[in-house]
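*Asks:* Before I ask anything, here is the structure I am working with.
The values are calculated or read from the model by the stated rules, or taken from the named source; none is laboratory data. Note that the structure is a prediction, hence the values are computed from the model and not measured. Neighbour counts run over all protein chains shown; Cβ positions are idealised from the backbone, glycine included.
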Amino acid sequence: MPNPTALTPYPVTITKIVDETSDVKTFTVEFDDPEIMENFGNKPGQVCMLSVFGEGESTISITSSPTRGKFLEFTVKRVGRLTEVLHQMEVGQKFGVRGPYGNWFPYEAMKGKDLFFVGGGFALAPIRSLIDFALSDQYRSDYGRVEVLYGARSVDDMCFKGDLAERWPKLHNTGIYTTIDRPQDDWKGHVGFVPNYVEEVAPSPKNKVAIIAGPPIMIKFTLPVFAKLGFKDEQIITTLEMRMKCCLGKCGRCNIGSKFVCVDGPVFSQAELKGMPKEY
Amino acid sequence: MKAKIVNKGQLSGLLDKLAKDYDLVAPVKEETITLFKKISSAQDAFLDYTNSDVSPKGCFLPQSEKIFSYTYTGDSLEIVKPESAKKTVLFGARPCDIKAITTLDPVFEGEKFGDEFYSSKRENTVIIGLSCSKVLSTCFCYAFGGGPCDGTGSDLLFTEIGDKYYVEINTDKGQALVDANSQFFSSENTDQLAKDKEELAKKLAGEFVKKVDLTGVKELLDSDFELAYWDEDPYKKCIGCGTCTYVCPTCHCFDIFDFTTGDITGDRIRCWDSCMYPEYTLMAGGHNPRPTRKERIRNRFMHKLKYHLDRYNMVGCVGCGRCIRKCPVNIDITKIINDLKEVAQNA
Amino acid sequence: MMNLTKQIREQAKKLLEEKKVDLVIGFGQGTELARTTPVFIDSPEGVSALTWGPFCANNLAKYLIDYKNAPGNVAVVVKGCDSRSVIRLLDDNQISRDKIVVIGVPCAGQLEWQKVADEIKPDAALKETVDNGDSFVVKTSTGDHTFNKKDYMLHRCLVCENPNPVIADFTIGEELPVKNYAERFAEVEELEQLGLEEKSAYWDKQFSRCLRCYACRNVCSVCTCALCVFDQMKPMWVSKRTNLSENTVFHITRAFHVAGRCVDCGECDRVCPMDIPIRKLNQKIHKDLKDLFDSPTPGSKQGLLSALGEFSLGDPEEFM
């Protein structure tokens, strides 16, 4: 049984790399020791600490649903030292992973409901695990209609193009809405910011859960739209980001009030967030 | 609860033996500073002190420690963990500092995940406390349920009375140490010494200068995160150094980083960090949830007085007073508590 | 001293009432008898919090930087040493002259509060302090205590160069004569006598105690970099770990970074929680500057370019 109490990562090997955009890549990895994957037990919404030895560690959400196979997918944006080195790695190379950490999307409580996902830019990654979970053969019948509304600055900034354009629309009872911020020649789809597009699509709150992830500014303007559409605070779920070092609830830095994002989050409902200090 | 006596003249013999059988950590004096260090003989111990400048929490959460060594080429990875903790005796820690260690226990051992480094040190260390014989003007352990002669958390508690030490045996670990060193522990009747200790505790309780009243403070902090109080002092005078957090026996924040020792080798190190530093919560994209000193000061005091209590049912401060002594600008947690109490009363 | 306190309050009140400033930064009674704490007064009624005496060791000048973008003006109460910081901040373009009002107070010396507190009943209340020339009399509710300056003053006050502020819009009280109780560079000369190994052992002993709290850097009025080299992540020059090597790099680098601008206010020494004699490093540099360039203490006059930041074509070039 892998010991998630340790600060010691396990080696993984990169089996696939997808260039999502010029600065975002999705890495598919497998543990060198298959028993670790057997017992990993990650749930949609959880995160891992990726170790690039010599640079340090970084918290990255597991973007793959556990239903998709015995591997983990991490979508990494190149923002700092560690991600810079990670982006230069190739298939077959290794780094370290420890986890799974954090809480997960309340997928049990969501059963029987329609799901409306909203993602912005690179931040579709943390909720993608739940999208695939709900659309999996194993659990599809537990959920109703699955809709994904996704916006990026431009076509070049769109992540998971394959999922959005081909894989998901083909699945049963899905609705995919994509938008970019400003018009572009090679784009025939919707143009406009995510909050405005949500207002246009106007999902009904009846028997629905909204799951939102994106940059703070997008979340700030999207939440009021859902409130206007009649969604209650308990119906809106989001996942937060914070600087993390231990991911074990010990190093102290990821707290929002009395909660640690690495242990009590990163998934929070809007109702929970309203009871927490606005310090994130 | 059993008790023994150690005659003062025998103490150095006991410490010398402990230094042979264990890693013995005791207070030492370096010029004007008292701190806890490993000693090899009793004569290095300095026991004529009120409280040390840096707390003994370093015995369990060292300023820096190696988590593992690695050899990494990108195509291969090897990790070597450090040896587990050696058998240690921590001698001479004051009751407030020992209580502080019990507030660290739920952080490292009680959250969803444990911490092998902390736990192995905790298991392998015998804590021998030393009751206070004097109260400093900055002490206020009573405010949080502690006291200058309180044995909570200690395996053995020594209290100096006349030319003897009255030794209370509080745990099996303590008993085992006494049994293994019985030549130093006398089994004379301790009834009188027990009474003397109570007298001492009463006397010291009357010597506290700081009057601290927590009435209504937690409720106030629970009810309003955006108190106007935080817009005034103390954040304006705070210079944002890490002194308070580093001398504090209950602070536990740490950083983790890799330190390369060669082309493909290195160590992953854990070391103390401070919530008072701006980059503590700085995220890779540049966003900082606590961008100014106001947010950081508010977070520090709310953590000590509310968050720690919420999570672990224990207050995050033990009243040792070090932060008050060492703060360059005289930010005083007791003043903040009393100010908040007034705000609560006037609300 | 009470009289001076009154005058400071009156001056502050006037400035606030006349809206010449929005804020007065001064000293207020601390939470111990022998301590003061910086106070930030923004209303005329609030000036009663201001105080003055031999427990006002803090250098308040650096707080001016916090308010450099504030809409109004700021007044600050400074001693002689602090006023050198004000000049240095002006010369470093960290603050602008027209936004600050300097309330200068000639200072007869500052006492080390820990030494004083050891001798006074802890629950006594401070009534008054009197300057008796070679000593201070501290009058408390439980009696009067005399502290002779030579034994109880801060080390830096024993060699005070500027008892009177070198810049002030308003001066409170009488000017004081320069009076030294020790040779300015005596401690540096003592260290200079040691051999290399002994010097190295001495500093190893001091630096090994360093907690890297950065109190010395944060209190220093000429350490004003927006991103300090020791906070940089890319590259990470020093980690947060304390070990002798990184501690030594920190202290020596910082001493050189402020060399030629350090005003010798001695705050770094005072704030160190581990009693590391940091000021000795800076004093060594001050001594060298005097010996090599006959340079006055930075900040003692406005417009003095930093000795290491100025060159003229006539400078000797023996080593080139």
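*Asks:* Identify all residues within the range C:270-288 that are over 30 Å from B:ILE324 (Cα atoms) and either among the acidic types (Asp, Glu) or at pLDDT below 90 (or both); write none if there are none.
*Replies:* C:ASP288
*Asks:* Let me ask something additional. Can B:ILE161 be described as hydrophobic (A, V, I, L, M, F, W, C), crowded, with 18+ Cβ neighbours inside 10 Å and over 20 Å from the mean Cα position of the chain (by Cα)?
*Replies:* Yes, satisfied.
*Asks:* Evaluate the range A:69-90: report whether one residue or more is on the phi < 0 side of the Ramachandran plot, in contact with a Pro (Cβ under 8 Å, 6 or more places away or on another chain) and either assigned by TED's automatic domain parsing to the domain that holds A:SER129 or not acidic (Asp, Glu) (or both).
*Replies:* Within the range A:69-90, one or more residues are on the phi < 0 side of the Ramachandran plot, in contact with a Pro (Cβ under 8 Å, 6 or more places away or on another chain) and either assigned by TED's automatic domain parsing to the domain that holds A:SER129 or not acidic (Asp, Glu) (or both).
*Asks:* Failed condition for B:MET283, given (1) in contact (Cβ under 8 Å) with a residue 24 or more places away in the chain; (2) assigned to a loop (DSSP other than H, G, I, E, B); (3) within 22 Å of A:VAL52 (Cβ to Cβ), with all others met?
*Replies:* Result: B:MET283 fails condition (1) only.
*Asks:* Taking B:LYS99 as meeting all but one of (1) assigned to a helix (DSSP H, G or I); (2) more than 15 Å from the chain's Cα centre (by Cα); (3) over 27 Å from A:ALA6 (Cβ atoms), write down the number of the exception.
*Replies:* Only one criterion is unmet by B:LYS99, namely (2).
*Asks:* Determine whether B:ILE336 is within 14 Å of chain C (Cβ to nearest Cβ) and in a helix (DSSP H, G or I).
*Replies:* yes
*Asks:* Okay, next question. Just name the residue that is farthest from the chain's Cα centre (by Cα) out of those in the range C:34-58 that are within 19 Å of C:LYS99 (Cβ to Cβ) and not aliphatic (A, V, I, L, M).
*Replies:* C:ASP42
*Asks:* Within the range B:275-287, does at least one residue satisfy the condition of being facing chain A (nearest Cβ under 10 Å) and within 22 Å of B:LYS218 (Cβ to Cβ)?
*Replies:* yes
*Asks:* Limited to the range B:1-16, what total is found for residues that are not in a helix (DSSP H, G or I) and not hydrophobic (A, V, I, L, M, F, W, C)?
*Replies:* Adding up the residues that qualify gives 3.
*Asks:* Would you be able to say whether some residue in the range C:151-173 is farther than 30 Å from C:VAL101 by Cα, charged (D, E, K, R), in contact with a strand residue (DSSP E or B) (Cβ under 8 Å, 6 or more places away or on another chain) and surrounded by fewer than 18 Cβ atoms within 10 Å (Cβ to Cβ)?
*Replies:* There is no residue in the range C:151-173 that is farther than 30 Å from C:VAL101 by Cα, charged (D, E, K, R), in contact with a strand residue (DSSP E or B) (Cβ under 8 Å, 6 or more places away or on another chain) and surrounded by fewer than 18 Cβ atoms within 10 Å (Cβ to Cβ).
To keep it simple, each residue is scored yes or no on (1) β-branched (Val, Ile, Thr); (2) assigned to a strand (DSSP E or B).
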{"position": "A:PHE74", "(1), (2)": "no, yes"}
{"position": "A:ARG98", "(1), (2)": "no, yes"}
{"position": "A:TRP104", "(1), (2)": "no, no"}
{"position": "A:ILE131", "(1), (2)": "yes, no"}
{"position": "A:GLY151", "(1), (2)": "no, yes"}
{"position": "A:ASP156", "(1), (2)": "no, no"}
{"position": "A:LEU164", "(1), (2)": "no, no"}
{"position": "A:TYR177", "(1), (2)": "no, yes"}
{"position": "A:TRP187", "(1), (2)": "no, no"}
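*Asks:* Let me ask something else. Would you check which residues across the range B:102-124 are in a helix (DSSP H, G or I), more than 30 Å from B:LEU204 (Cα to Cα) and without any contact (Cβ under 8 Å) to a residue 40 or more places away in the chain and list them?
*Replies:* B:GLU109, B:GLU116, B:SER119, B:SER120, B:GLU123
*Asks:* Okay, next question. Check whether at least one residue in the range C:279-290 is more than 28 Å from C:GLU112 (Cα to Cα) and surrounded by fewer than 14 Cβ atoms within 10 Å (Cβ to Cβ), and report yes or no.
*Replies:* For the range C:279-290, residues more than 28 Å from C:GLU112 (Cα to Cα) and surrounded by fewer than 14 Cβ atoms within 10 Å (Cβ to Cβ): absent.
*Asks:* For the range C:39-48, enumerate the residues that are within 10 Å of another protein chain (Cβ to nearest Cβ) and either touching a Gly at 6+ places or on another chain (Cβ under 7 Å) or within 21 Å of C:VAL138 (Cα to Cα) (or both).
*Replies:* The one that is within 10 Å of another protein chain (Cβ to nearest Cβ) and either touching a Gly at 6+ places or on another chain (Cβ under 7 Å) or within 21 Å of C:VAL138 (Cα to Cα) (or both): C:VAL39.
*Asks:* With (1) more than 10 Å from chain A (Cβ to nearest Cβ); (2) without any contact (Cβ under 8 Å) to a residue 24 or more places away in the chain as the list, and B:GLY242 as the residue in question, which single condition is left unmet?
*Replies:* (2)
*Asks:* One residue is enough: does the range B:9-20 have a residue meeting the conditions within 14 Å of another protein chain (Cβ to nearest Cβ), among the basic types (Lys, Arg) and more than 21 Å from C:ASN243 (Cβ to Cβ)?
*Replies:* no
*Asks:* Could I ask something else about it? With the structure loaded, tell me whether B:ALA19 is touching a Ser or Thr at 6+ places or on another chain (Cβ under 6 Å) and in a helix (DSSP H, G or I) or whether it fails that test.
*Replies:* yes
*Asks:* Among C:PRO296, C:PRO235, which is loosely packed, with under 13 Cβ neighbours inside 10 Å and out of contact with any Ser or Thr (no Cβ under 6 Å at 6 or more places or on another chain)?
*Replies:* Criteria check complete, one pass: C:PRO235.
*Asks:* I would also like to ask the following. Say whether the condition of being within 14 Å of chain B (Cβ to nearest Cβ) and not aliphatic (A, V, I, L, M) is met by at least one residue in the range C:285-298.
*Replies:* no
*Asks:* Going by the structure shown, is B:LEU156 under 14 Å from B:PHE91 (Cα atoms) and either in contact with an Asp or Glu (Cβ under 8 Å, 6 or more places away or on another chain) or within 14 Å of another protein chain (Cβ to nearest Cβ) (or both)?
*Replies:* yes
*Asks:* Under 14 Å from the mean Cα position of the chain (by Cα), more than 8 Å from every other protein chain (Cβ to nearest Cβ) and farther than 15 Å from A:PRO11 by Cα: which single residue out of A:THR63, A:THR67, A:THR21 fits that description?
*Replies:* Step by step, each of A:THR63, A:THR67, A:THR21 is checked, and only A:THR63 is under 14 Å from the mean Cα position of the chain (by Cα), more than 8 Å from every other protein chain (Cβ to nearest Cβ) and farther than 15 Å from A:PRO11 by Cα.
*Asks:* Is there a residue being aromatic (Phe, Trp, Tyr) and modelled with pLDDT under 95 anywhere in the range B:274-291?
*Replies:* yes
*Asks:* Suppose we filter the range B:22-50 for residues that are part of a loop (DSSP other than H, G, I, E, B) and crowded, with 19+ Cβ neighbours inside 10 Å; how many remain?
*Replies:* 2
*Asks:* Across the range B:110-123, what is the total count of residues that are more than 9 Å from chain A (Cβ to nearest Cβ) and more than 22 Å from B:LEU177 (Cβ to Cβ)?
*Replies:* The number of residues fulfilling the criteria is 1.
*Asks:* Looking at the range B:245-274, which of the residues that are at the interface with chain A (Cβ under 9 Å from one of its Cβ atoms) and part of a loop (DSSP other than H, G, I, E, B) is surrounded by the most Cβ atoms within 10 Å (Cβ to Cβ)?
*Replies:* Filtering first and then ranking leaves B:CYS251.
*Asks:* Between a residue in the range B:125-144 that is assigned to a loop (DSSP other than H, G, I, E, B) and any residue that is among the aromatic types (Phe, Trp, Tyr), which pairs come within a Cβ distance under 6 Å, given they are 6 or more apart or on different chains?
*Replies:* Final answer for the pair search is B:VAL135/B:PHE208.
*Asks:* Let me ask another. Suppose we keep only residues that are over 22 Å from the mean Cα position of the chain (by Cα) and in contact (Cβ under 8 Å) with a residue 12 or more places away in the chain within the range B:20-43. Which one would you say is farthest from B:TYR166 (Cα to Cα)?
*Replies:* Result: B:SER40.
*Asks:* What's the number of the condition A:MET244 fails, among (1) over 21 Å from the mean Cα position of the chain (by Cα); (2) within 14 Å of chain B (Cβ to nearest Cβ)?
*Replies:* All conditions pass for A:MET244, except number (1).
Quick grid of which residues meet (1) surrounded by 14 or more Cβ atoms within 10 Å (Cβ to Cβ); (2) more than 17 Å from the chain's Cα centre (by Cα):
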position: A:VAL146; (1), (2): yes, no
position: A:LEU164; (1), (2): yes, no
position: A:ASP186; (1), (2): no, yes
position: A:LEU248; (1), (2): yes, yes
